[in-house]
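Where a number appears in this text, it was derived from the coordinates with a stated rule and is not lab data. What you see is a predicted model, and the numbers here were worked out from it, not measured in a lab. Heads up, the Cβs are rebuilt from the backbone with ideal geometry, glycines too, and the neighbour counts pull from every protein chain shown.
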């Protein structure tokens, strides 16, 4: 038995629309911005507790604004809108906590986040 013209038309529309919906869309190529974000994430992930402030400052630089000796925001050298917060434990050679210097030990590092650079 032959289908009615309406049924045949509906079947053609249904099959055609499902082919359009299920067609895979090509993925866009990653931009250079994505590459920079990945570099910043890798650099932040490489910072571990026990490393020094000098180690942090190889890939990041101190952000402007107010910071303390124990907690400071750093910006990624390649893109100053990518930041991390780093907590430090400051010790002298006898194990006493003190203030200041490139040998301060990293206590923690945050995940990277976005914010405008602070200018002062």
Over the stretch 51-120, equivalent-ellipsoid semi-axes from the Cα gyration tensor in Å: 23, 11, 10
Shape parameters for the stretch 36-92, alpha-carbon atoms, Rg then Dmax in Å: 11.0, 36
Approximate spin-label separation residue 67-residue 79, in nm, with each point projected 7 Å along Cα-to-Cβ: 2.0
